[in-house]
Amino acid sequence: MDVLIQYGFSIEEIQNMLDTNIMIENVEDRDILELIDLLKGIGCQNEHIQNIFICNPFCLTNSNLEMKELIDQLYEIGFDSLYTLFDSNPYLLNISAKEMDLFYHNMLQDGMTKEYFYDYLNYHFIY
Amino acid sequence: MLEEFMLSIGFDEKQIQRIQKIYPPRAYSPSTLLYNIRNLYNFFRRNGVHNSEFVEMIVTIPNILFISIENIKTKIQELKEVGFQRLDAFYIVKNYPYLLDFSYLVLKQKMDEFESLGFRHDQVVQIMSKYPHLFREDFSVFRKRFIFFLEYGYSLEETIRILVSSPELFGSSLDLIQNKILDFKNMGFQEKDIIRITSILPSIFFHDVNLLHKQFQYLLDFGYNELDIIHVVQKIPILLKEDYLGFISNHVECLVELGFTKKDVIFMTCNNPYLFLYSTDNLISKFNAMKELGYRDKDVVSILKDAPILFGYDIHNIKKKYLFFQSIQLEHYLIAHGMFFTYNFDVIQARYHYLSKNDSLKNHYHDLFLMDDDFYKKYHVKKRDLLKGDS
C-alpha cells in the first residue's frame, strides 16, 4: 500500500479505507498503479482518484480487468467524460459490465431514451 | 541431541515422543533421525517454510523424514510442470504433505478432471493451491457439487466463480449448501437473490446463520421491513460478512445519535447501503467536517439525508465545492439540495463560466444544476464541449 502514501493519501484516510475494506491489505502496489492508470486513462485527475478511492475502497480489490470491461461498456453505450461519472458516483465501479448492459437495455425496453439513461446514471445514484 | 534440536525448532515434548514411537522413525537411530530432520528442516526453511509449518508437516506425516530431499525436489518439479509456481508448490506440500505420495500421473489426471468441467487451467491451479485436499477427492464427488449449482440455476460462469473462490465447497456436504440456501429462503430471499448473493460472496455458505438472524431481527425491530433488508443485502452482499454484520446495529445507532430520525436512517441506508461499510468513526468525522464548513447540525442532517453518498466522499472534494458555492452565495441553497454537492466540480465550474460569459447566470443559478440533457436543450451546448472549453 506504499503507493497510496506516495500518491498523497494520509494515514487516516488509508485507515478509513482499510476499516471499510480490509481486503485492501492484500492488494499489490502494481495492481493499484494499474487501476490509477486506468482511471487516468479516462481523464481522472489526482483529486478525482482520491475521491473515488476514499468513497469506494472496494474498487481497489475489484478486478482491474472487470473495471476495464465496465469502462468499455459505458463507452459503447455512448458515455463520454467518464471521469465526471465516477467522481460523482464512485460505487459505479463495483458494477459489472454485464449488469450495466442489462440495466441499460431494461431502461430502453421500459421506454427511456439514451439521453435519459445518461442523465439517470450521472445524477441518480444507482448502487 | 535429537530432542534438543527438535525442541529448538518448535516441536513440543509430546510431539517428539509421538514421532519417536511410531513407525518408521522408531526403526532408525537418533543420529540418523537427527541427520534427516536437520537436512529436511534446512531445505524447507530455505524455501520459505516457517518453523511452525515445518513442525505441523512432520507431525502430520512423520514419514517425510525418510523421503529423500531429491524426491521432494522431484515432486516440487512435477507440481511446477502441471502449472504451479514454485512458492505455491511448497505451500501445497507443507499444507498437504500426503501429496508427496502421489505420482505425477495422478496429479495431472486430477488437474485434467477439473478442466473437463470447464475450469481454465489457471483456475484449477488456483483451486488446488487453496485447497490441495482436493487432490485426494474422488472426481464423482466434486462433479456432483458442480452439477448441483448448475441445476439450482447458477450459470456456468457463476458456478466456476463460486468454486474458484471457495474450493472448500467441493469438499463440503451438499446438506450444508442446501441448508444455507433454505435459510435464505426462510428469511424471504428469492432464488435470484440467493444466486446473486452467493455468487458474489461464496464464503457465506460457511457463515454462522445465527448472527445473520440476530441482525435481521435487530433491523426489523428498528423499523426496517423485510423487503428493505433484502434490498440492502441484495445490493451489497459483502454486508453479510461477519466482519461487517456484527456492526450493523452500531451504525444505525450512530446515525440516530448524529440527529437523523429512524425514518431517515432507513431511507438513507436503503438508498446507500454502503453506509453500513464505513466505520462509525468515519461517519462521525465526516458529519463534523461538514459542520466545520459552517453548517449547523440540522443543516448537515438535511444535506446528508438528501445525499448519503457524501458520507463516503473525500472531505477535500466537498470543501472545494463549498468554497465555490460560498463565493457565489449559494451555500445555503444547498442545505435543501445536498445532492448538488455530488455533482462533478469541473462540470459546475464549466457551466458557471459559460453562463457568466453569456450573461445568463443572473437569476438562473439553478441552471448550474440541470441534468445534462436539460442543459443542452436550454443552452445548446454539450457537456463534453463545456468541459473542453470549446463553448
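I'd like to check which helices (runs of 4 or more DSSP H) are fully inside the range B:301-385 and have at least 1 residues that are closer than 27 Å to B:LEU275 by Cα, at pLDDT 90 or above and out of contact with any His (no Cβ under 6 Å at 6 or more places or on another chain). In the range B:301-385, the matching helices (runs of 4 or more DSSP H) lie at B:315-327, B:345-357.
Go through the range B:108-129 and count every residue that is surrounded by 13 or more Cβ atoms within 10 Å (Cβ to Cβ), closer than 17 Å to B:THR159 by Cα and within 22 Å of the chain's Cα centre (by Cα). Qualifying residue count, the range B:108-129: 7.
Does B:TYR244 satisfy the condition of being surrounded by 15 or more Cβ atoms within 10 Å (Cβ to Cβ), within 14 Å of chain A (Cβ to nearest Cβ) and farther than 30 Å from B:PHE139 by Cβ? It is true that B:TYR244 is surrounded by 15 or more Cβ atoms within 10 Å (Cβ to Cβ), within 14 Å of chain A (Cβ to nearest Cβ) and farther than 30 Å from B:PHE139 by Cβ. Residues being surrounded by fewer than 16 Cβ atoms within 10 Å (Cβ to Cβ) and touching a Gly at 6+ places or on another chain (Cβ under 9 Å) are entirely absent from the range A:88-99. Taking the range B:255-280 as the range and being small (Gly, Ala, Ser) and within 14 Å of another protein chain (Cβ to nearest Cβ) as the test, only B:SER279 passes.
Which pairs do you get when a residue that is under 15 Å from A:ASN62 (Cβ atoms), found in the range A:11-37, comes within reach of a residue that is assigned to a helix (DSSP H, G or I) and aromatic (Phe, Trp, Tyr), reach meaning Cβ atoms under 7 angstrom, with the pair 6+ apart or on two chains? Final answer for the pair search is A:MET17/A:PHE53; A:ASN21/A:PHE58. Within the range A:90-127, the set of residues being facing chain B (nearest Cβ under 7 Å) and within 23 Å of A:ASN51 (Cβ to Cβ) comprises A:TYR91, A:TYR118, A:ASP119, A:ASN122, A:TYR123, A:PHE125, A:TYR127. Here B:LYS94, B:LYS73, B:LYS108, B:LYS80 are screened, and the one residue that is part of a helix (DSSP H, G or I), at pLDDT 85 or above and closer than 30 Å to B:SER29 by Cα is B:LYS73. Restricting attention to the range B:281-303, the residues being surrounded by fewer than 17 Cβ atoms within 10 Å (Cβ to Cβ), within 14 Å of chain A (Cβ to nearest Cβ) and out of contact with any Asp or Glu (no Cβ under 8 Å at 6 or more places or on another chain) number 4. Where helices (runs of 4 or more DSSP H) fall wholly inside the range A:1-104, the ranges with 1 or more residues that are among the aliphatic types (A, V, I, L, M) and in contact with a Lys or Arg (Cβ under 8 Å, 6 or more places away or on another chain) are A:29-41, A:46-55, A:64-77. Every residue in the range B:328-385 that is of a type outside the set (A, V, I, L, M), surrounded by fewer than 18 Cβ atoms within 10 Å (Cβ to Cβ), closer than 30 Å to B:VAL300 by Cβ and at the interface with chain A (Cβ under 9 Å from one of its Cβ atoms), please. Answer for the range B:328-385, where residues must be of a type outside the set (A, V, I, L, M), surrounded by fewer than 18 Cβ atoms within 10 Å (Cβ to Cβ), closer than 30 Å to B:VAL300 by Cβ and at the interface with chain A (Cβ under 9 Å from one of its Cβ atoms): just B:ASP374. Within the bounds of the range B:163-184, is there any residue that is touching a Pro at 6+ places or on another chain (Cβ under 6 Å), touching a residue at least 40 places away in the same chain (Cβ under 8 Å) and among the β-branched types (Val, Ile, Thr)? No - not one qualifying residue is present in the range B:163-184.
Counting residues in the range B:299-319 that are of a type in the set (Lys, Arg) and in contact with a Gly (Cβ under 8 Å, 6 or more places away or on another chain) gives one or more. Among the numbered conditions (1) part of a helix (DSSP H, G or I); (2) under 20 Å from A:LEU85 (Cβ atoms), the only one that B:MET290 does not meet is (2). Within the range B:155-211, if we keep just the residues that are under 19 Å from the mean Cα position of the chain (by Cα) and assigned to a loop (DSSP other than H, G, I, E, B), the residue that is modelled with the lowest pLDDT turns out to be B:ASP208. Which of the residues belonging to the range B:33-87 are of a type in the set (Phe, Trp, Tyr), free of Cβ contacts under 8 Å to residues at least 40 places away in the same chain and in contact with a Phe, Trp or Tyr (Cβ under 8 Å, 6 or more places away or on another chain)? Matches in the range B:33-87: B:TYR41 only.
The values are calculated or read from the model by the stated rules, or taken from the named source; none is laboratory data. Source: prediction; values computed, not measured. Don't worry about glycine lacking a Cβ; one is built from the backbone with ideal geometry, like all the others, and counts go over all protein chains shown.
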